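The block underneath contains the structure these notes are about, expressed in C-alpha coordinates.
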Amino acid sequence: MADRVLAAVRTGPSLIELQEFPMPDVPEDGALLRMEVAGICGTDVKMYKAPRVSEPVIMGHENVGVIAKAGTMFEELKGVGEGDRVFVEHYVACFNCEWCHLGQYRHCWATDWRSNPEALRYGYTPATRYPHLWGGFAEYLYLPWNAVLHRVPDAVSTELAGIATPLSNGIEWALFDCGVGFDSSVLIQGPGQQGLAQVVACKQAGASTIVVTGTSKDEARMEVAKVLGADFTIDVEREDTPARVAEITGGEGFDVVIDCTSGAGTAPILVGIQALKRKGGTLLIQGEIDEFPGFPIRELTEKAITIKSARGHSYRACELALGQLASTRFPLDLLTTHTFGLDEVDLAIRSVGGEGAPGVIHVSLLPGRERQTSGTEDRGEDQ
Ligand SMILES: [Zn+2]
Ligand SMILES: [Zn+2]
(Lines give C-alpha, C1' and ligand atoms only; values in the text may rest on other atoms or scores of the structure.)
(Ligands and ions follow the chains in the order given, each with its own letter.)
Protein backbone atom coordinates (compact mmCIF):
# COMPACT_ATOMS: atom_id res chain seq x y z
CA MET A 1 0.00 0.00 0.00
CA ALA A 2 1.08 3.55 -0.67
CA ASP A 3 2.21 5.58 2.32
CA ARG A 4 0.07 8.63 1.45
CA VAL A 5 -3.68 8.92 1.01
CA LEU A 6 -5.17 11.46 -1.39
CA ALA A 7 -8.35 13.16 -0.19
CA ALA A 8 -10.63 15.98 -1.29
CA VAL A 9 -10.89 18.23 1.75
CA ARG A 10 -13.54 20.90 2.28
CA THR A 11 -11.48 23.80 3.62
CA GLY A 12 -14.27 26.40 3.67
CA PRO A 13 -17.67 27.21 2.15
CA SER A 14 -17.72 25.89 -1.44
CA LEU A 15 -13.97 25.23 -1.26
CA ILE A 16 -12.33 21.88 -1.95
CA GLU A 17 -8.61 21.14 -1.90
CA LEU A 18 -6.86 17.90 -2.77
CA GLN A 19 -4.58 17.03 0.16
CA GLU A 20 -2.44 14.09 1.17
CA PHE A 21 -2.58 12.38 4.54
CA PRO A 22 -0.23 9.76 5.95
CA MET A 23 -1.48 6.20 5.52
CA PRO A 24 -2.45 5.34 9.10
CA ASP A 25 -1.20 2.30 10.96
CA VAL A 26 -4.03 -0.16 11.36
CA PRO A 27 -4.55 -1.14 15.01
CA GLU A 28 -5.75 -4.57 16.11
CA ASP A 29 -9.33 -3.30 16.32
CA GLY A 30 -9.35 -1.13 13.18
CA ALA A 31 -9.28 -1.42 9.39
CA LEU A 32 -8.77 0.56 6.21
CA LEU A 33 -11.32 0.62 3.42
CA ARG A 34 -10.17 1.24 -0.13
CA MET A 35 -12.96 3.46 -1.41
CA GLU A 36 -14.91 2.25 -4.44
CA VAL A 37 -17.83 4.66 -4.57
CA ALA A 38 -19.27 7.50 -2.48
CA GLY A 39 -22.83 8.58 -3.20
CA ILE A 40 -23.61 12.30 -3.05
CA CYS A 41 -26.92 13.66 -1.78
CA GLY A 42 -28.69 16.93 -1.07
CA THR A 43 -27.14 17.11 2.38
CA ASP A 44 -23.71 17.37 0.75
CA VAL A 45 -24.93 20.34 -1.29
CA LYS A 46 -26.03 22.14 1.89
CA MET A 47 -22.95 21.21 3.93
CA TYR A 48 -20.66 22.28 1.10
CA LYS A 49 -22.24 25.71 0.69
CA ALA A 50 -22.66 26.40 4.40
CA PRO A 51 -20.47 24.12 6.54
CA ARG A 52 -21.51 23.74 10.18
CA VAL A 53 -17.89 23.39 11.33
CA SER A 54 -14.93 25.59 10.46
CA GLU A 55 -12.31 22.81 10.59
CA PRO A 56 -11.37 20.99 7.36
CA VAL A 57 -13.60 18.00 6.58
CA ILE A 58 -13.29 15.14 4.10
CA MET A 59 -16.91 14.90 2.99
CA GLY A 60 -18.56 11.71 1.71
CA HIS A 61 -21.00 9.86 3.97
CA GLU A 62 -22.48 7.21 1.61
CA ASN A 63 -19.50 4.91 1.29
CA VAL A 64 -18.78 1.56 -0.30
CA GLY A 65 -15.37 -0.05 -0.67
CA VAL A 66 -13.17 -3.08 -0.17
CA ILE A 67 -11.35 -3.75 3.10
CA ALA A 68 -7.69 -3.31 2.24
CA LYS A 69 -6.19 -4.03 5.64
CA ALA A 70 -7.75 -5.16 8.91
CA GLY A 71 -6.56 -5.93 12.43
CA THR A 72 -7.20 -9.42 13.82
CA MET A 73 -9.56 -8.19 16.51
CA PHE A 74 -11.49 -6.13 13.93
CA GLU A 75 -11.97 -9.21 11.76
CA GLU A 76 -13.20 -11.24 14.73
CA LEU A 77 -15.55 -8.53 15.95
CA LYS A 78 -17.03 -7.58 12.59
CA GLY A 79 -17.03 -10.90 10.76
CA VAL A 80 -15.40 -9.33 7.71
CA GLY A 81 -11.79 -9.16 6.60
CA GLU A 82 -9.41 -8.11 3.89
CA GLY A 83 -10.94 -8.29 0.41
CA ASP A 84 -14.53 -8.05 1.62
CA ARG A 85 -16.73 -5.44 -0.04
CA VAL A 86 -18.85 -3.43 2.38
CA PHE A 87 -21.28 -0.54 2.63
CA VAL A 88 -20.42 1.66 5.62
CA GLU A 89 -23.24 3.49 7.39
CA HIS A 90 -22.15 7.03 8.20
CA TYR A 91 -22.97 6.53 11.86
CA VAL A 92 -20.00 5.52 14.01
CA ALA A 93 -21.95 4.15 16.95
CA CYS A 94 -21.30 3.19 20.60
CA PHE A 95 -22.76 -0.35 20.24
CA ASN A 96 -23.84 -0.13 23.86
CA CYS A 97 -26.95 2.05 24.07
CA GLU A 98 -30.58 1.13 23.53
CA TRP A 99 -30.63 2.64 20.01
CA CYS A 100 -27.60 0.63 18.97
CA HIS A 101 -29.14 -2.60 20.27
CA LEU A 102 -32.16 -1.83 18.09
CA GLY A 103 -30.02 -1.36 14.99
CA GLN A 104 -30.95 2.34 15.03
CA TYR A 105 -27.39 3.62 14.98
CA ARG A 106 -28.65 6.91 13.49
CA HIS A 107 -30.01 7.91 16.92
CA CYS A 108 -26.93 6.95 18.97
CA TRP A 109 -25.38 9.84 20.93
CA ALA A 110 -21.88 8.75 19.89
CA THR A 111 -22.67 9.76 16.30
CA ASP A 112 -24.96 12.75 17.02
CA TRP A 113 -22.76 15.59 15.79
CA ARG A 114 -25.47 18.16 16.53
CA SER A 115 -25.44 17.62 20.29
CA ASN A 116 -22.13 15.83 20.93
CA PRO A 117 -18.89 17.63 20.04
CA GLU A 118 -16.99 14.33 20.30
CA ALA A 119 -19.35 12.54 17.90
CA LEU A 120 -17.95 10.54 14.99
CA ARG A 121 -19.79 10.51 11.70
CA TYR A 122 -18.37 9.88 8.25
CA GLY A 123 -18.40 12.98 6.09
CA TYR A 124 -18.91 15.28 9.08
CA THR A 125 -15.96 14.65 11.43
CA PRO A 126 -13.04 17.10 10.99
CA ALA A 127 -9.94 15.75 9.26
CA THR A 128 -7.87 17.21 12.10
CA ARG A 129 -9.00 14.28 14.20
CA TYR A 130 -6.64 11.28 14.09
CA PRO A 131 -6.36 9.24 11.87
CA HIS A 132 -7.91 11.90 9.62
CA LEU A 133 -9.69 9.61 7.13
CA TRP A 134 -13.29 10.22 8.21
CA GLY A 135 -14.88 10.82 4.80
CA GLY A 136 -15.43 8.94 1.56
CA PHE A 137 -14.07 11.56 -0.83
CA ALA A 138 -10.64 9.99 -0.38
CA GLU A 139 -8.70 6.96 -1.54
CA TYR A 140 -9.09 5.28 1.85
CA LEU A 141 -11.52 5.47 4.76
CA TYR A 142 -10.57 4.53 8.31
CA LEU A 143 -12.81 1.96 10.03
CA PRO A 144 -12.72 1.75 13.83
CA TRP A 145 -14.20 -1.27 15.64
CA ASN A 146 -17.53 0.56 15.97
CA ALA A 147 -18.10 1.31 12.28
CA VAL A 148 -21.41 -0.14 11.04
CA LEU A 149 -20.84 -2.42 8.06
CA HIS A 150 -22.99 -4.34 5.56
CA ARG A 151 -21.68 -6.80 3.01
CA VAL A 152 -22.39 -5.72 -0.57
CA PRO A 153 -23.34 -8.57 -2.93
CA ASP A 154 -21.05 -9.03 -5.94
CA ALA A 155 -24.06 -8.63 -8.24
CA VAL A 156 -24.31 -4.95 -7.28
CA SER A 157 -22.36 -2.77 -9.72
CA THR A 158 -20.24 0.12 -8.51
CA GLU A 159 -22.80 2.63 -9.77
CA LEU A 160 -25.70 0.83 -8.08
CA ALA A 161 -23.73 0.53 -4.84
CA GLY A 162 -23.64 4.33 -4.93
CA ILE A 163 -27.41 4.52 -4.40
CA ALA A 164 -27.48 2.21 -1.37
CA THR A 165 -28.20 5.16 0.94
CA PRO A 166 -31.16 6.75 -0.88
CA LEU A 167 -32.67 3.30 -1.31
CA SER A 168 -32.20 2.56 2.40
CA ASN A 169 -33.92 5.85 3.18
CA GLY A 170 -36.73 4.93 0.80
CA ILE A 171 -37.37 1.72 2.70
CA GLU A 172 -36.99 3.37 6.09
CA TRP A 173 -39.26 6.35 5.45
CA ALA A 174 -41.99 4.84 3.27
CA LEU A 175 -42.23 1.34 4.73
CA PHE A 176 -41.04 1.55 8.33
CA ASP A 177 -41.96 5.13 9.24
CA CYS A 178 -45.14 5.56 7.22
CA GLY A 179 -46.32 1.94 7.05
CA VAL A 180 -46.72 1.83 3.28
CA GLY A 181 -47.73 -1.67 2.23
CA PHE A 182 -50.32 -3.64 0.29
CA ASP A 183 -52.89 -1.36 -1.36
CA SER A 184 -51.48 1.88 0.11
CA SER A 185 -51.96 5.13 -1.77
CA VAL A 186 -48.91 7.36 -1.64
CA LEU A 187 -48.06 10.85 -2.80
CA ILE A 188 -44.32 11.41 -3.21
CA GLN A 189 -43.33 15.05 -3.57
CA GLY A 190 -40.16 15.65 -5.56
CA PRO A 191 -38.73 13.32 -8.25
CA GLY A 192 -35.06 13.58 -7.23
CA GLN A 193 -32.94 10.58 -6.20
CA GLN A 194 -34.71 10.39 -2.84
CA GLY A 195 -38.23 10.67 -4.22
CA LEU A 196 -37.51 8.05 -6.87
CA ALA A 197 -36.09 5.71 -4.24
CA GLN A 198 -39.40 6.07 -2.37
CA VAL A 199 -41.22 5.04 -5.57
CA VAL A 200 -39.18 1.82 -5.71
CA ALA A 201 -39.78 1.01 -2.03
CA CYS A 202 -43.53 1.71 -2.29
CA LYS A 203 -43.92 -0.33 -5.47
CA GLN A 204 -42.04 -3.29 -4.01
CA ALA A 205 -44.16 -3.10 -0.85
CA GLY A 206 -47.41 -3.32 -2.81
CA ALA A 207 -48.77 0.23 -2.93
CA SER A 208 -51.71 0.43 -5.31
CA THR A 209 -51.45 4.13 -6.13
CA ILE A 210 -48.14 5.96 -6.39
CA VAL A 211 -48.19 9.58 -7.50
CA VAL A 212 -45.10 11.76 -7.89
CA THR A 213 -45.16 15.56 -8.03
CA GLY A 214 -42.52 17.78 -9.61
CA THR A 215 -42.04 21.00 -11.52
CA SER A 216 -41.80 21.61 -15.25
CA LYS A 217 -38.01 21.20 -15.23
CA ASP A 218 -38.45 17.68 -13.85
CA GLU A 219 -39.94 16.23 -17.02
CA ALA A 220 -37.19 13.63 -17.57
CA ARG A 221 -37.23 12.59 -13.90
CA MET A 222 -41.02 12.18 -14.04
CA GLU A 223 -40.60 9.77 -16.92
CA VAL A 224 -38.15 7.76 -14.83
CA ALA A 225 -40.68 7.81 -11.97
CA LYS A 226 -43.25 6.20 -14.27
CA VAL A 227 -40.81 3.52 -15.44
CA LEU A 228 -40.00 2.71 -11.80
CA GLY A 229 -43.66 2.30 -10.89
CA ALA A 230 -45.41 5.64 -10.43
CA ASP A 231 -49.00 5.44 -11.64
CA PHE A 232 -49.36 9.18 -12.18
CA THR A 233 -47.23 12.30 -12.09
CA ILE A 234 -48.37 15.85 -11.37
CA ASP A 235 -46.60 18.98 -12.61
CA VAL A 236 -47.36 21.38 -9.75
CA GLU A 237 -46.57 24.39 -11.95
CA ARG A 238 -48.85 23.49 -14.85
CA GLU A 239 -51.57 21.49 -13.16
CA ASP A 240 -54.10 22.15 -10.38
CA THR A 241 -52.68 19.80 -7.76
CA PRO A 242 -55.73 19.51 -5.44
CA ALA A 243 -57.99 18.86 -8.45
CA ARG A 244 -55.63 16.16 -9.76
CA VAL A 245 -55.38 14.57 -6.31
CA ALA A 246 -59.18 14.44 -6.08
CA GLU A 247 -59.43 13.00 -9.58
CA ILE A 248 -56.76 10.33 -9.06
CA THR A 249 -57.94 9.21 -5.60
CA GLY A 250 -61.67 9.47 -6.33
CA GLY A 251 -61.93 12.25 -3.74
CA GLU A 252 -60.51 10.04 -0.98
CA GLY A 253 -57.01 11.53 -0.64
CA PHE A 254 -53.80 9.63 0.12
CA ASP A 255 -52.85 7.32 2.98
CA VAL A 256 -49.32 8.68 3.02
CA VAL A 257 -47.53 11.80 1.75
CA ILE A 258 -43.72 11.85 1.63
CA ASP A 259 -41.95 15.18 1.15
CA CYS A 260 -38.74 14.74 -0.82
CA THR A 261 -38.63 18.28 -2.22
CA SER A 262 -35.67 20.54 -1.71
CA GLY A 263 -35.83 24.26 -1.08
CA ALA A 264 -39.58 24.45 -1.71
CA GLY A 265 -40.37 26.07 1.67
CA THR A 266 -43.69 25.43 3.38
CA ALA A 267 -45.68 24.74 0.19
CA PRO A 268 -45.19 20.95 0.00
CA ILE A 269 -46.29 20.49 3.61
CA LEU A 270 -49.46 22.53 3.02
CA VAL A 271 -50.19 20.53 -0.12
CA GLY A 272 -49.46 17.31 1.77
CA ILE A 273 -51.83 18.06 4.64
CA GLN A 274 -54.54 18.85 2.13
CA ALA A 275 -53.86 15.78 -0.01
CA LEU A 276 -54.07 13.29 2.86
CA LYS A 277 -57.22 11.23 3.38
CA ARG A 278 -60.08 12.46 5.58
CA LYS A 279 -58.75 10.79 8.77
CA GLY A 280 -55.57 9.14 9.94
CA GLY A 281 -53.10 9.83 7.14
CA THR A 282 -49.34 10.03 7.64
CA LEU A 283 -47.10 12.86 6.52
CA LEU A 284 -43.33 12.48 6.34
CA ILE A 285 -41.44 15.77 6.55
CA GLN A 286 -37.82 16.83 6.20
CA GLY A 287 -37.91 20.06 8.24
CA GLU A 288 -35.74 22.27 6.06
CA ILE A 289 -37.27 25.48 7.38
CA ASP A 290 -36.78 27.25 10.72
CA GLU A 291 -40.27 28.72 11.04
CA PHE A 292 -43.71 27.94 9.69
CA PRO A 293 -46.03 30.98 9.99
CA GLY A 294 -49.71 30.05 9.68
CA PHE A 295 -49.11 26.32 10.18
CA PRO A 296 -52.55 24.67 9.73
CA ILE A 297 -52.55 22.94 13.09
CA ARG A 298 -56.35 22.78 13.27
CA GLU A 299 -56.64 20.95 9.96
CA LEU A 300 -53.79 18.63 10.96
CA THR A 301 -55.49 17.76 14.24
CA GLU A 302 -58.97 17.41 12.80
CA LYS A 303 -57.69 15.03 10.13
CA ALA A 304 -55.87 13.04 12.85
CA ILE A 305 -52.65 13.23 10.85
CA THR A 306 -49.44 11.60 12.08
CA ILE A 307 -46.21 13.44 11.29
CA LYS A 308 -43.01 11.45 10.86
CA SER A 309 -39.52 12.90 10.48
CA ALA A 310 -37.09 11.82 7.79
CA ARG A 311 -33.93 10.78 9.67
CA GLY A 312 -31.60 8.44 7.84
CA HIS A 313 -31.97 4.70 8.03
CA SER A 314 -31.83 1.67 10.31
CA TYR A 315 -29.57 -1.37 9.95
CA ARG A 316 -32.45 -3.43 8.56
CA ALA A 317 -33.35 -0.85 5.92
CA CYS A 318 -29.77 -0.99 4.62
CA GLU A 319 -29.84 -4.79 4.42
CA LEU A 320 -33.13 -4.70 2.49
CA ALA A 321 -31.83 -1.97 0.18
CA LEU A 322 -28.70 -3.96 -0.68
CA GLY A 323 -30.87 -6.99 -1.43
CA GLN A 324 -33.05 -4.83 -3.66
CA LEU A 325 -29.99 -3.52 -5.48
CA ALA A 326 -28.78 -7.08 -6.10
CA SER A 327 -32.10 -8.04 -7.66
CA THR A 328 -32.90 -6.94 -11.18
CA ARG A 329 -36.52 -6.19 -10.44
CA PHE A 330 -36.29 -2.46 -11.11
CA PRO A 331 -34.16 -0.69 -13.75
CA LEU A 332 -32.29 1.20 -11.05
CA ASP A 333 -29.50 2.18 -13.40
CA LEU A 334 -31.91 4.88 -14.63
CA LEU A 335 -31.05 6.69 -11.38
CA THR A 336 -27.27 6.47 -11.61
CA THR A 337 -26.74 9.21 -14.15
CA HIS A 338 -23.31 10.68 -13.30
CA THR A 339 -19.94 9.68 -11.85
CA PHE A 340 -16.91 11.85 -11.14
CA GLY A 341 -13.32 11.34 -10.00
CA LEU A 342 -11.64 12.59 -6.85
CA ASP A 343 -10.38 15.72 -8.61
CA GLU A 344 -13.95 16.70 -9.57
CA VAL A 345 -15.65 16.88 -6.16
CA ASP A 346 -16.65 20.52 -6.58
CA LEU A 347 -18.33 19.82 -9.92
CA ALA A 348 -19.90 16.64 -8.55
CA ILE A 349 -21.53 18.40 -5.59
CA ARG A 350 -22.63 21.37 -7.70
CA SER A 351 -24.19 18.94 -10.18
CA VAL A 352 -26.33 17.44 -7.42
CA GLY A 353 -27.40 21.00 -6.56
CA GLY A 354 -28.44 21.63 -10.17
CA GLU A 355 -25.50 23.97 -10.90
CA GLY A 356 -23.16 21.60 -12.74
CA ALA A 357 -23.70 18.81 -15.22
CA PRO A 358 -27.19 18.68 -16.80
CA GLY A 359 -29.65 15.78 -16.52
CA VAL A 360 -28.58 14.71 -13.05
CA ILE A 361 -30.58 12.27 -10.95
CA HIS A 362 -27.88 10.66 -8.83
CA VAL A 363 -24.18 11.44 -8.69
CA SER A 364 -21.44 9.21 -7.32
CA LEU A 365 -17.81 9.88 -6.68
CA LEU A 366 -15.35 7.16 -7.70
CA PRO A 367 -12.25 7.93 -5.62
CA GLY A 368 -10.25 5.16 -7.31
CA ARG A 369 -10.93 6.28 -10.88
CA GLU A 370 -7.98 8.62 -11.23
CA ARG A 371 -5.56 6.07 -9.85
CA GLN A 372 -6.88 3.43 -12.21
CA THR A 373 -6.24 5.56 -15.28
CA SER A 374 -2.89 6.81 -14.06
CA GLY A 375 -1.89 3.26 -13.21
CA THR A 376 0.14 4.26 -10.18
CA GLU A 377 -1.66 2.11 -7.67
CA ASP A 378 -0.16 -1.08 -6.37
CA ARG A 379 -3.34 -3.13 -6.42
CA GLY A 380 -1.83 -6.50 -5.60
CA GLU A 381 -1.26 -5.84 -1.95
CA ASP A 382 -4.84 -4.71 -1.40
CA GLN A 383 -6.58 -7.82 -2.69
ZN1 LIG B 1 -26.65 11.46 2.11
ZN1 LIG C 1 -25.21 3.73 20.81
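With kT/(6 pi eta Rh) evaluated at 20 °C and eta = 1.002 mPa s, and Rh the Kirkwood radius from Cα pairs, the chain diffuses with a coefficient of 100 µm²/s according to Stokes-Einstein. In the full protein context, the stretch 303-365 carries 42 Å² of accessible surface per residue, based on a 1.4 Å probe and ignoring ligands, DNA and RNA. Rg over Rh for the stretch 226-366 works out to 1.01, using Cα positions for both radii and the Kirkwood form for Rh.
Looking at the stretch 48-100, the accessible area is 42 square angstrom per residue; that uses a 1.4 Å probe and ignores ligands, DNA and RNA.
Close amide H pairs (under 5 Å, H built 1.01 Å from N) link residue 361 with 337, 338, residues at least 5 positions away or on another chain.
Sorting 223-236, 196-209, 297-310 by average packing, meaning the other beta carbons within 10 Å per residue, from highest down gives 196-209, 223-236, 297-310. How much of the accessible area of the stretch 79-164, in percent, comes from carbon and sulfur atoms when a 1.4 Å probe is used? In the stretch 79-164, the share of accessible area belonging to carbon and sulfur is 52 percent. With a cut-off of 15 Å between beta carbons, the residues surrounding residue 262 carry a summed charge of 0, where Lys and Arg count +1 and Asp and Glu -1.
For residue 217, a cut-off of 16 angstrom between C-alpha atoms picks up these aspartates and glutamates, skipping any fewer than 8 places away in its own chain: 235, 237, 239, 355. Summed over qualifying helices (DSSP H, 4 residues or more, each -39500 (n - 2.57)) and divided by its residue number, the chain shows a 222 nm mean residue ellipticity of -7000 deg cm²/dmol.
Measuring against 18 Å, Cα to Cα, the residue pairs 277/308; 226/279; 277/303; 279/308 contain 226/279 as the ones spanning a longer distance. When only C-alpha pairs under 8 Å and at least 6 residues apart count, what is the relative contact order of the stretch 108-260, in percent? Relative contact order here is 17 percent.
Around the amide H of residue 143, modelled in the peptide plane, lie the amide H atoms of 31, 32, 33, all under 5 Å away and 5 or more residues distant in sequence or on another chain. Phi angles across the stretch 136-144 convert, under the Karplus curve 6.51 cos²θ - 1.76 cosθ + 1.60 with θ = phi - 60°, into 3J(HN,Hα) values of x, 7, 7, 5, 9, 10, 7, 10, x Hz, Gly and Pro given as x. The calculated pair-distance distribution of the stretch 111-259 uses every alpha carbon pair, bins of 10 angstrom beginning at 0, and gives 10, 31, 27, 20, 11, 1 percent. Rolling a 1.4 Å probe over the protein heavy atoms of the stretch 204-251, with every protein chain left in place, gives an accessible area that is 49 percent carbon and sulfur. Other residues with beta-carbon under 9 Å from the beta-carbon of residue 279 carry, at +1 per Lys or Arg and -1 per Asp or Glu, a net charge of +2. Rolling a 1.4 Å probe over the protein heavy atoms leaves residue 261 with an accessible area of roughly 40 Å². Taking amide H atoms as placed 1.01 Å from N in the peptide plane, the amide H of residue 5 lies under 5 Å from those of 21, 23, each 5 or more residues away in sequence or on another chain. Peptides 28-37, 278-287 ranked from most to least packed by the mean count of surrounding Cβ atoms within 10 Å: 28-37, 278-287.
The values are calculated or read from the model by the stated rules, or taken from the named source; none is laboratory data. The structure displayed is predicted, hence computed values, not measured ones. Glycine gets a Cβ as well: all are built from the backbone with ideal geometry, and neighbour counts include every protein chain shown. Ligands, DNA and RNA are stripped out before the accessible areas are found, and what is left, the full protein with its side chains, is counted by its heavy atoms. Shrake-Rupley method; radii C 1.70, N 1.55, O 1.52, S 1.80 Å.
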